[in-house]
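The values are calculated or read from the model by the stated rules, or taken from the named source; none is laboratory data. This one's a predicted model, so the numbers in the text were calculated from it and none came from an experiment. Cβ placement follows ideal geometry from the backbone for every residue including glycine, while neighbour counts extend to all protein chains displayed. To get the accessible areas, we keep the full protein, side chains included, count just its heavy atoms, and leave off ligands, DNA and RNA. Shrake-Rupley method; radii C 1.70, N 1.55, O 1.52, S 1.80 Å.
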Amino acid sequence: MARTRATGSRSSGQTPLPHNSSNIPDAPPNPPVVPPVSNITGDNTTQQTIVQSRPVHEDSSSPYYLNSCDHPGLTLVEIRRDRNNGEIHIFSDGGRILRPLIAIENLSKIAQSKAGKYTFQSLLDEGIIELIGAEEEEDCRTAWGIKFLFMEDKGKPIEYTHCELDMSFLLSVSCGIIPFANHDHARRILYQAQKHSQQAIGFSTTNPNIRVDTLSHQLHYPQRPLFHTKISDCFGKSSYALSHDGFLSKNECFNGQNAIVAVNVHLGYNQEDSLVMNRASLERGMFRSEHIRSYKGDVDNKESLNKKGKLDEWINFGKKPSKIGRVDSLDDDGLPFVGANLQSGDIVIGRCAESGADHSVKLKHTEKGMVQKVVLSSNDTGKNFAVVSLRQVRTPILGDKFSSMHGQKGVLGFLESQENFPFTIQGIVPDVVINPHAFPSRQTPGQLLEAALGKGIALANGIPVTHATPFSTPSVDAITEQLHRAGFLRWGNERVYNGRTGEMIRSLIFMGPTFYQRLVHMSEDKVKFRNTGPVHPLTRQPVADRKRFGGVKFGEMERDCLLAHGASANLHERLFTLSDSSQIHICQKCQNVAYIIQQALAGFRKIRGPYCRICESANEIVKVNVPYGAKLLCQELFSMGITLKFETQIC
Amino acid sequence: MEGKSYQRFPKVKIREMKDDYLKFELRDTDASMANALRRIMIAEVPTIAIDLVEIEVNSSVLNDEFIAHRLGLIPLTSDRAMSMRFSRDCDACDGDGQCEFCSVEFTLRCRCIEDRTLDVTSKDLVTPDHTVVPVDFSDSAGNESNENRGVIIVKLRRGQELRLRAIARKGIGKDHAKWSPAATVSFMYEPDIRINEELMETLTLEEKRSWVESSPTRVFELDPETHQVCVYDAEAYTYDDEVIKKAEAMGKPGLVDITAKEDSFIFTVETTGAVKASQLVIHAIEILKQKLDAVRLSDDTVEADDQFGELGAHLRGG
Ligand SMILES: [Zn+2]
Ligand SMILES: [Zn+2]
């Protein structure tokens, strides 16, 4: 931590510097002092002596004075000496990342008599643990763990300045909560730590009722995993009731649930990373989540409009029969009542102008829900607006995405009834069945260890082995022994009976509680289908957007596939008939495009319909089918003065 | 094809019976029968559960659907369920499911006026019908603590209110898990364990001990005096094959021979409390019989007997 650095020893590389004391502008009034010395710039500075009678953190002359709880802000100041440029860098800005390390020089302050009485704060206060910032870290030589302090390099002890609290603290929060992360392939850990942990639906906020996020998700029954890691033990407040040893509190918020996972095939419904789930479990609330979307509608400010004098156009909330959607659920103020069930296409916020113009906010065809809340407010410029939040409660359906903590994602492939699953002698049926093929190439034995450890924790006799901290995981023997003691097979397998026939299944099935996450990618938000619908005004091809009821793209690869199959009629239908089918007229005589004369002009021959202006004739004109995209290209070329000739044949 | 009868006479022996727990033996039948019974207990024995909720006021932190779902999962005493009608084929109310023959109405009115949290529990559900009430778990455990106030539905803080009307209907677990009366239904084949005494005697005491301990459950026992290995509890064996593998690893294959008796099953039934465990089994048998009756041919198929022969007569109940 900062103030220590200002005075304490600074070592760069392996050579510890002499103790420096310096007058640093931002330093506390009485810079604490250690032996005298020259300062960095070469000038001599005043010497001070230490009078230490009070506890260090109360003593303003102590180097740890700043560390006290009375100066929470100052403890976060970071000071670094740049030897090359002869500079001192002081950082006090917010948002810097600081991490706790054990300061070796103060390690001796740990008193045996106080064993078990230290708190994190008291260790900070005494300078045994300090918070190191990014710049300061550059000059630290940090040991991985206590045992590394006693290791020797070529007979000489390595001079460390700091020591990690735990080896797993080199990982981020999202990575440090992965059980047995050190047993998994790095790629899989990255998937979990960077992607899946971000996408998992959990309980992301404790004040959902006063928030108006455009889109938010919440899991109905979030759970804590069965295992712990050192990092997960650091979550939550130390005052938290569940705090187990008065030092660290128990972990609290996790974005998932503990599912009983069996590794088995299930009628082929879990091929290619899909998974089979127990319908009864889902009906009992597993992975149920709510999704809240907010719609905003603002209205004009009467005063500002008055100046412009077009009161007629003043948009205000109000319920008026609308041509664009149903207004049944709206109250007279144009806002729906809480609890109203709005269907897609309904009006969420009724707005209209005096002139009768309809400015209502309508739900897209993919959107619906129950009204969660209605907020009326105004922004800084005094503009009034309303926010209506719609809520949807979703239970998992086919196509929803799930992931374990080991980068093993998959989509729901089948919802099976409870009675059809294989059951153990104890009557346990799996909640999730995943395919064994998910393991060999992905190299995530961590998940298997998690399941085996989880089962041991859930059913342990006595105090279970619960830690799955990366780099200090329990040995496989500890896990297998725990399972054996609990009355299970050492390697997590179980004898099961076929749920359909009642016969004993010949092979043993690996089963155990595994932490699973529900990811935000849900099939309800992605289903896309149409027979006919809107087309793009320029190309006259179907629009692509799902929100606008667009079509599914039939791209080049798909085209190649049909070509390879020789399915040209199908290809023609896909790319032409069902897309931008169109016609143009060609004069066979001059091979130019013939135009259609809508209305005979005065002075010309009384002709309507296709007519070649070059040949001045309506004979020999043929109509050809051509994609509108091609026709558009021709027209664009015409506009540039390029003519195109079309050779046509009647077939 | 001499009229050989395959009819068997299964026997049931009850081992242990509590209100919500039953352990019994089923003998002289095969896996299809045992499993049919298990499947019916899980998915087809009817119970009563809350199916429709009309929420009047809900200012709690949980939304309407959340509360409705929680209400649905509360087990209700369902001894009447077998004789009740499914609301979908109820004549009295044309299937709208609101009449006395096919539904039970509950009301819940709770408001927190104190400064502490109020737990709304299943005990707050009020109904005029005393035969269908939320299951009371307090008496079975015997610890009558004031904490045990039923299933918590939601917690209210000062000023929050929950007022609703709920309709409970008959249903089966196949339609929704809330209607499943079974917490756990499982069976195992009765194991037949034969120790090869001769081979066993070739083991040293230490080997015997490690072999006995290789089983995760306590199946075998080493007599401390005679140093004889005997079966302590055959049914504790989970068919995990651990002892067999251990014997092989010790170079003594065939040390023990364990087979599953194909016609004896040990059932463990636990209920949610909606019906008694014993009733659950009886209902399941009843339903299985009804299903078989549906398969049975009607009497007017006698003329087709030249086609089906004895089978037809058999299916008619002959
Ligand atoms: Zn022409
Ligand atoms: Zn009725």
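Restricting attention to the stretch A:190-213, the residues that are within 14 Å of another protein chain (Cβ to nearest Cβ) and crowded, with 16+ Cβ neighbours inside 10 Å total 2. Every condition in (1) touching a Leu at 6+ places or on another chain (Cβ under 6 Å); (2) more than 16 Å from B:Lys23 (Cα to Cα); (3) crowded, with 17+ Cβ neighbours inside 10 Å is met by B:Ala284 except one, and the failing one is (2). Please verify whether the stretch B:133-140 includes one or more residues that are away from every other protein chain (no Cβ under 14 Å), more than 28 Å from A:Phe203 (Cβ to Cβ), of a type in the set (Gly, Ala, Ser) and open to solvent by 40 Å² or more (accessible area, probe 1.4 Å). Yes, the stretch B:133-140 has at least one match. Among residues of the stretch A:442-501 being assigned to a helix (DSSP H, G or I) and in contact with a Lys or Arg (Cβ under 6 Å, 6 or more places away or on another chain), the one that is nearest to the other protein chains (Cβ to nearest Cβ) is A:His484. Among the residues making up the stretch A:587-598, a single one is touching a Pro at 6+ places or on another chain (Cβ under 8 Å) and within 10 Å of ligand 1 (Cβ to nearest atom): A:Ala594. Residue by residue through the stretch B:13-41, note down the ones that are polar (S, T, N, Q) and either out of contact with any Gly (no Cβ under 8 Å at 6 or more places or on another chain) or not assigned by the TED database to the domain that holds B:Glu262 (or both). Answer for the stretch B:13-41, where residues must be polar (S, T, N, Q) and either out of contact with any Gly (no Cβ under 8 Å at 6 or more places or on another chain) or not assigned by the TED database to the domain that holds B:Glu262 (or both): just B:Thr29.
For the structure I just gave you, tell me whether B:Arg88 is charged (D, E, K, R), crowded, with 16+ Cβ neighbours inside 10 Å and part of a helix (DSSP H, G or I). Answer is no for this residue. Could you tell me whether A:Gly334 is touching a Gly at 6+ places or on another chain (Cβ under 7 Å) and over 22 Å from A:Leu376 (Cα atoms)? So A:Gly334 does not fit the description; no. Residue-level check: of (1) within 16 Å of ligand 1 (Cβ to nearest atom); (2) in a helix (DSSP H, G or I), A:Phe576 misses just (1). In the set (1) closer than 22 Å to A:His536 by Cβ; (2) within 15 Å of ligand 1 (Cβ to nearest atom); (3) surrounded by fewer than 13 Cβ atoms within 10 Å (Cβ to Cβ); (4) aliphatic (A, V, I, L, M), A:Ile584 fails one condition alone, (3).
In the set A:Ala544, A:Ala567, only one residue is under 37 Å from the mean Cα position of the chain (by Cα) and among the hydrophobic types (A, V, I, L, M, F, W, C); that residue is A:Ala544.
The set of residues from the stretch B:34-57 being among the acidic types (Asp, Glu) and within 12 Å of another protein chain (Cβ to nearest Cβ) comprises B:Glu44, B:Glu54, B:Glu56.
In the stretch A:590-621, the residue that is surrounded by the most Cβ atoms within 10 Å (Cβ to Cβ) out of those that are more than 58 Å from the chain's Cα centre (by Cα) and closer than 21 Å to A:Cys651 by Cβ is A:Ile621. Is at least one residue of the stretch B:77-85 open to solvent by less than 20 Å² (accessible area, probe 1.4 Å), closer than 21 Å to B:Gly173 by Cβ, more than 16 Å from ligand 2 (Cβ to nearest atom) and more than 9 Å from chain A (Cβ to nearest Cβ)? Yes, there is a match, as at least one residue in the stretch B:77-85 is open to solvent by less than 20 Å² (accessible area, probe 1.4 Å), closer than 21 Å to B:Gly173 by Cβ, more than 16 Å from ligand 2 (Cβ to nearest atom) and more than 9 Å from chain A (Cβ to nearest Cβ). Within the stretch A:253-285, the set of residues being open to solvent by less than 20 Å² (accessible area, probe 1.4 Å), part of a loop (DSSP other than H, G, I, E, B) and within 14 Å of chain B (Cβ to nearest Cβ) comprises just one member, A:Gly285.
Within the stretch A:397-427, the set of residues being open to solvent by less than 30 Å² (accessible area, probe 1.4 Å) and within 14 Å of chain B (Cβ to nearest Cβ) comprises A:Glu416, A:Ser417, A:Gln418, A:Glu419, A:Asn420, A:Phe421, A:Pro422, A:Phe423, A:Thr424, A:Gly427.
Just one of the numbered conditions (1) away from every other protein chain (no Cβ under 11 Å); (2) in contact with a helix residue (DSSP H, G or I) (Cβ under 6 Å, 6 or more places away or on another chain) is not true of B:Glu190: (2). Taking the criterion of being open to solvent by less than 50 Å² (accessible area, probe 1.4 Å) and within 27 Å of B:Leu62 (Cα to Cα), the residues of the stretch A:357-373 that qualify are A:Leu363, A:Thr366, A:Glu367, A:Gly369, A:Met370, A:Val371, A:Gln372, A:Lys373. Kindly provide the set of residues from the stretch B:210-244 that are more than 10 Å from every other protein chain (Cβ to nearest Cβ) and either part of a loop (DSSP other than H, G, I, E, B) or free of Cβ contacts under 8 Å to residues at least 12 places away in the same chain (or both), ordered by number. Correct list: B:Val219, B:Glu221, B:Asp223, B:Pro224, B:Glu225, B:Thr226, B:His227, B:Gln228, B:Tyr232, B:Asp233. Filtered by the rule that a residue be closer than 24 Å to A:His572 by Cα and within 16 Å of ligand 1 (Cβ to nearest atom), the stretch A:614-638 gives A:Val622, A:Lys623, A:Val624, A:Cys634. Residue count for the stretch A:429-481 satisfying the condition of being surrounded by 20 or more Cβ atoms within 10 Å (Cβ to Cβ) and either charged (D, E, K, R) or more than 25 Å from A:Leu171 (Cα to Cα) (or both): 11.
Every test in (1) in a loop (DSSP other than H, G, I, E, B); (2) open to solvent by 50 Å² or more (accessible area, probe 1.4 Å) is passed by A:Leu376 save one, and that test is (1).
Whether a residue is open to solvent by less than 30 Å² (accessible area, probe 1.4 Å), away from every other protein chain (no Cβ under 11 Å) and under 21 Å from A:Arg490 (Cα atoms) was assessed, and B:Ala247 passes this test. The number of residues in the stretch A:207-238 that are free of Cβ contacts under 8 Å to residues at least 12 places away in the same chain and either in contact with a strand residue (DSSP E or B) (Cβ under 6 Å, 6 or more places away or on another chain) or assigned to a helix (DSSP H, G or I) (or both) comes to 1. Whenever a residue of the stretch A:427-444 is more than 20 Å from A:Lys401 (Cα to Cα), its partners that are surrounded by fewer than 18 Cβ atoms within 10 Å (Cβ to Cβ), lying with C-beta atoms within less than 7 angstrom and at least six residues away or across chains, give the pairs A:Gly427/B:Thr184; A:Gln443/A:His185.
Exactly one residue among B:Glu65, B:Glu114 is away from chain A (no Cβ under 14 Å) and more than 16 Å from ligand 2 (Cβ to nearest atom), and that residue is B:Glu114. Against the criterion of being under 30 Å from B:Cys112 (Cβ atoms), touching a strand residue (DSSP E or B) at 6+ places or on another chain (Cβ under 7 Å) and open to solvent by less than 40 Å² (accessible area, probe 1.4 Å), B:Ile153 qualifies. Does the stretch A:599-613 contain at least one residue that is in contact (Cβ under 8 Å) with a residue 60 or more places away in the chain, away from ligand 1 (no atom under 16 Å from the Cβ) and among the hydrophobic types (A, V, I, L, M, F, W, C)? No, the stretch A:599-613 contains no residue that is in contact (Cβ under 8 Å) with a residue 60 or more places away in the chain, away from ligand 1 (no atom under 16 Å from the Cβ) and among the hydrophobic types (A, V, I, L, M, F, W, C).
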